[in-house]
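Asks: Just passing along the structure, written as structure tokens.
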Protein chains: 2
Amino acid sequence: MLVSIHTRPTLEDVAARAGVSRATASRVLNASPRVSPEALEAVNAAVLALGYQPNRAARALVTRRTGAVAVVFSEPEPKIFDDPHFARLIRAGARALADVDVQMVLMLVHSPDDQARAHRFLAGGHVDGALVFAPHRNDELVSIVKKLPLPVVYAGKPWGSLRGMHLVDNDNEGGAVLATEHLKSLGRKKIVHVSGPLDELSAIDRLNGFKSALGLDDKGAAKVTEDGGFTREGGRKAMAALLAKVPSLDAVFVASDLMAAGALETLQEAGKRVPQDVAVVGFDDHVTIAEHTSPPLTSVRQDSDEQVKHMVAHLMKLLRDETVKTKKQMLPTVLVRRESA
Amino acid sequence: MLVSIHTRPTLEDVAARAGVSRATASRVLNASPRVSPEALEAVNAAVLALGYQPNRAARALVTRRTGAVAVVFSEPEPKIFDDPHFARLIRAGARALADVDVQMVLMLVHSPDDQARAHRFLAGGHVDGALVFAPHRNDELVSIVKKLPLPVVYAGKPWGSLRGMHLVDNDNEGGAVLATEHLKSLGRKKIVHVSGPLDELSAIDRLNGFKSALGLDDKGAAKVTEDGGFTREGGRKAMAALLAKVPSLDAVFVASDLMAAGALETLQEAGKRVPQDVAVVGFDDHVTIAEHTSPPLTSVRQDSDEQVKHMVAHLMKLLRDETVKTKKQMLPTVLVRRESA
DNA sequence: ACCTGCGACTCAAAGGTTTTCATCGAGGAG
DNA sequence: CTCCTCGATGAAAACCTTTGAGTCGCAGGT
């Protein structure tokens, strides 16, 4: 059996060494039931001895499966990317996909150019499916992706009709209720809200939770709410605006930790003590932020790791063509108490 | 010409429509010179009409090229990942690789398990090359990767012998000199340093720059330096330690913006005014941090985007088998003045 | 008139795997 | 003892592209 040193072993080599045919060896690798115990063992031994690794390209060619999944972030404002939230999602995705042994192909979509490229790529059959993070209103990418014959799982609710879409969302509204109720239970009377950008449904859901916990209608809510755009600077400004609008405020529910960090700075500058004068609750429970503000931030935890895990699991089911019972999943949120409220 | 609607067109289809053979069509796609203008046009028209996209798997099978590159982050402390620096690198990688039309396969390795997996994957021929971020001393992953017959470009200097390795580094030492000289030029007399973890060469280089700018030897440096571990909290603590050790300090060069943010907090708590009492210079020029500290942070800019671009360009050359003249590249750093110094 | 050289092109093999279909052998039913 | 059934296995087709070898026609040299 002469084999060049530098050529990787093929299934043929494995089969030869195990004394079976390529077909049988293949069956062993794919855990087909129709194979005798002896053959199974022989093949496994050969695989081990040769350090055999299936050739992905060859396999992909015949199965019409690439073994790769795209993870797509559509975010018009590339700056937003510095939000540690994204790092966390990416990390979770990398881990979850590696666990099921599929390649993660990361795609960042900012411009229309990027959209076109993503379209080409996803339509080109280079991946078996996609995980899509596209929270913004009227995101072109969503309509593009919808038309593709490609299994897709969304993170949160994309804007527009949700018919036939698969998604894993956090219970934003429930979390907001939790936060607001907590502030109420502290005896706070004048509770205000720094919302996220209202072109994202997660921000809207959080706002709705806030409203329903306080029994506010749209008009009432408008008086005690400011949009902070999910950025630190936005949180800073929104808080300042609220202080001007509602001087007597004694509590604020901020729709993200990053904004809450900004809001805390504003409060401090305004001479307000937290939590004595103003109680603050954030959203995300981003440890690297929440634990390092002063005072440490009480926040609503949404478990991004869990969300991504669910998304991956769901997509794998789709890929295995299992009939999935629930197309939409909602993950619970919990309140994590620290010192700010 | 009956073609099922749902099957994607193959090169065969293109060739047929163009009235040429598969081989000629292939040559057109691969920009081979030996093809007549008429054939070229006919094939291009057919490609367009059919919306043809080459089958990556089939191509990979015959060319033994995958069209994918791994981007590997080796970081024992997964928490560190929340550092926006990583997000920036990942974003830059995604963009640069997309620009040259290669898939980016992201791999995060934290544990020995991850290392084994990475080893298997990289050895398995699933990618054509790799970009490796592994800054820590004695990182097992580096030795693993070194042994692989795989083109690799490193970010910064990995620990150990650099023989035959390709890397793109920032001028950490030069940047540190810049920072320290700047503090000197401000008339500061008692300049101290918060360093990064000394198991990373970037941290050591920055420390060396600091030392050489002040003409300090090891012993002298030890008296005015503290390790802040490249974390915000570490920066906080290191600053406190320095205040205790060198009460008369009037300037500090901090080896990362994240640590500088922590240091600023400590200074504030200690009642020091920045920059009046203590001038502060950071490193990284991380806008989302540097522009939002109070006061905004003067910092040494290292252009990560540029670094990653160079890494990608270098790797592509390696893949094209061009003989590369310089194996190591050093990118300049510049000082960005804001208000803290 | 014949060969040579050359450019444009076609043929067909190769690349490594999965999967269908056929084959083979053993064991049970009659 | 023969026929069937059924489980394990093997042969070969199929997946789609690249590429080296070979064909063909034509211009130019002898």
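The values are calculated or read from the model by the stated rules, or taken from the named source; none is laboratory data. Source: prediction; values computed, not measured. Here the Cβ is made from the backbone with ideal geometry for all residues, glycine too, and neighbour counts use every protein chain on show. SASA here: full protein model, heavy atoms, side chains in, ligands and nucleic acids out. Shrake-Rupley method; radii C 1.70, N 1.55, O 1.52, S 1.80 Å.
Asks: Name the pairs: first residue in the stretch A:121-138 and of a type in the set (Lys, Arg), second residue open to solvent by 20 Å² or more (accessible area, probe 1.4 Å), Cβ to Cβ under 7 Å, at least 6 apart or on different chains?
Replies: Close Cβ pairs satisfying both conditions: A:ARG137/A:TRP159; A:ARG137/A:ASP199.
Asks: Which residues, counting only those in the stretch A:30-51, are in a helix (DSSP H, G or I) and either within 14 Å of another protein chain (Cβ to nearest Cβ) or within 13 Å of DNA strand D (Cβ to nearest atom) (or both)?
Replies: A:PRO37, A:GLU38, A:ALA39, A:LEU40, A:GLU41, A:ALA42, A:VAL43, A:ASN44, A:ALA46, A:VAL47, A:LEU48, A:LEU50
Asks: OK, next. So, in the stretch B:68-100, exactly how many residues are more than 9 Å from chain A (Cβ to nearest Cβ) and open to solvent by 20 Å² or more (accessible area, probe 1.4 Å)?
Replies: 6
Asks: Could you please let me know if A:PRO149 is under 30 Å from A:ALA60 (Cβ atoms) and surrounded by 18 or more Cβ atoms within 10 Å (Cβ to Cβ)?
Replies: no
Asks: Next question. Looking only at the stretch A:103-120, how many residues end up being open to solvent by 10 Å² or more (accessible area, probe 1.4 Å) and either more than 9 Å from chain B (Cβ to nearest Cβ) or closer than 17 Å to B:PRO9 by Cβ (or both)?
Replies: Counting residues in the stretch A:103-120 that are open to solvent by 10 Å² or more (accessible area, probe 1.4 Å) and either more than 9 Å from chain B (Cβ to nearest Cβ) or closer than 17 Å to B:PRO9 by Cβ (or both) gives 7.
Asks: Looking at B:GLU12, is it within 16 Å of DNA strand C (Cβ to nearest atom), surrounded by fewer than 21 Cβ atoms within 10 Å (Cβ to Cβ) and within 26 Å of A:ALA60 (Cβ to Cβ)?
Replies: When the stated conditions are applied, B:GLU12 passes them.
Asks: Restricting attention to the stretch A:58-78, which residues are within 16 Å of DNA strand D (Cβ to nearest atom) and closer than 27 Å to A:VAL109 by Cα?
Replies: Correct list: A:ALA60, A:ARG64, A:ARG65, A:THR66, A:GLY67.
Asks: Can you confirm whether the stretch A:201-214 contains a residue that is in contact (Cβ under 8 Å) with a residue 24 or more places away in the chain, more than 18 Å from A:ASP284 (Cβ to Cβ) and open to solvent by 20 Å² or more (accessible area, probe 1.4 Å)?
Replies: yes
Asks: Also: Give all pairs with beta carbons closer than 9 Å in which a residue from the stretch B:55-67 that is more than 8 Å from chain A (Cβ to nearest Cβ) meets a residue that is within 6 Å of DNA strand D (Cβ to nearest atom) and open to solvent by 60 Å² or more (accessible area, probe 1.4 Å); count only pairs at least 6 apart in sequence or on separate chains.
Replies: The qualifying pairs are B:ARG65/B:ARG59; B:GLY67/B:ARG59.
Asks: Here is a further query. Conditions: (1) assigned by TED's automatic domain parsing to the domain that holds B:VAL252; (2) modelled with pLDDT of 95 or more. B:ALA290 meets all but one. Number of the miss?
Replies: Failed condition: (2).
Asks: Every residue in the stretch B:66-113 that is more than 18 Å from A:PHE86 (Cβ to Cβ) and assigned to a loop (DSSP other than H, G, I, E, B), please.
Replies: Within the stretch B:66-113, B:THR66, B:GLY67, B:PRO76, B:GLU77, B:VAL100, B:ASP101, B:VAL102, B:HIS110, B:SER111 qualify.
Asks: Looking at A:VAL132, is it more than 30 Å from A:LYS223 (Cα to Cα) and either open to solvent by 20 Å² or more (accessible area, probe 1.4 Å) or more than 14 Å from chain B (Cβ to nearest Cβ) (or both)?
Replies: Values: more than 30 Å from A:LYS223 (Cα to Cα): yes; either open to solvent by 20 Å² or more (accessible area, probe 1.4 Å) or more than 14 Å from chain B (Cβ to nearest Cβ) (or both): yes.
Spelling it out, A:VAL132 is indeed more than 30 Å from A:LYS223 (Cα to Cα) and either open to solvent by 20 Å² or more (accessible area, probe 1.4 Å) or more than 14 Å from chain B (Cβ to nearest Cβ) (or both).
Asks: Related question: Could you tell me how many of the residues in the stretch B:22-39 are open to solvent by 60 Å² or more (accessible area, probe 1.4 Å) and over 19 Å from B:GLN53 (Cβ atoms)?
Replies: Total meeting the criteria: 4.
Asks: Between a residue in the stretch A:144-163 that is assigned by TED's automatic domain parsing to the domain that holds A:LYS309 and any residue that is surrounded by fewer than 14 Cβ atoms within 10 Å (Cβ to Cβ), which pairs come within a Cβ distance under 7 Å, given they are 6 or more apart or on different chains?
Replies: Pairs that qualify, where the first residue is assigned by TED's automatic domain parsing to the domain that holds A:LYS309 and the partner is surrounded by fewer than 14 Cβ atoms within 10 Å (Cβ to Cβ), are A:TRP159/A:ASN138.
Asks: Quick one: B:GLY156 ticks every box in (1) open to solvent by less than 20 Å² (accessible area, probe 1.4 Å); (2) within 14 Å of chain A (Cβ to nearest Cβ) bar one, so which box is it?
Replies: The one condition B:GLY156 does not meet is (2).
Asks: Name the residues in the stretch A:48-81 that are away from DNA strand C (no atom under 16 Å from the Cβ) and either in contact with a strand residue (DSSP E or B) (Cβ under 6 Å, 6 or more places away or on another chain) or in the same structural domain as A:ALA16 (by TED's automatic domain parsing) (or both), would you?
Replies: A:VAL69, A:ALA70, A:VAL71, A:VAL72, A:PHE73, A:SER74
Asks: Could you pull out every one of the helices (runs of 4 or more DSSP H) wholly within the stretch B:140-232 that has 3 or more residues that are closer than 24 Å to B:GLN302 by Cα?
Replies: The qualifying helices (runs of 4 or more DSSP H) are B:172-185, B:201-214.
Asks: Is it the case that the stretch B:17-25 has a residue that's within 11 Å of DNA strand D (Cβ to nearest atom) and either within 9 Å of chain A (Cβ to nearest Cβ) or touching a strand residue (DSSP E or B) at 6+ places or on another chain (Cβ under 8 Å) (or both)?
Replies: No, the stretch B:17-25 contains no residue that is within 11 Å of DNA strand D (Cβ to nearest atom) and either within 9 Å of chain A (Cβ to nearest Cβ) or touching a strand residue (DSSP E or B) at 6+ places or on another chain (Cβ under 8 Å) (or both).
Asks: With the stretch B:253-340 as the region, which helices (runs of 4 or more DSSP H) entirely inside it contain at least 1 residues that are open to solvent by less than 50 Å² (accessible area, probe 1.4 Å) and away from every other protein chain (no Cβ under 12 Å)?
Replies: Where helices (runs of 4 or more DSSP H) fall fully within the stretch B:253-340 and carry at least 1 residues being open to solvent by less than 50 Å² (accessible area, probe 1.4 Å) and away from every other protein chain (no Cβ under 12 Å), they are B:257-269, B:304-319.
Asks: Of the numbered conditions (1) within 7 Å of DNA strand D (Cβ to nearest atom); (2) part of a helix (DSSP H, G or I); (3) surrounded by 12 or more Cβ atoms within 10 Å (Cβ to Cβ), B:PRO54 satisfies every one except a single condition; which is it?
Replies: (2)
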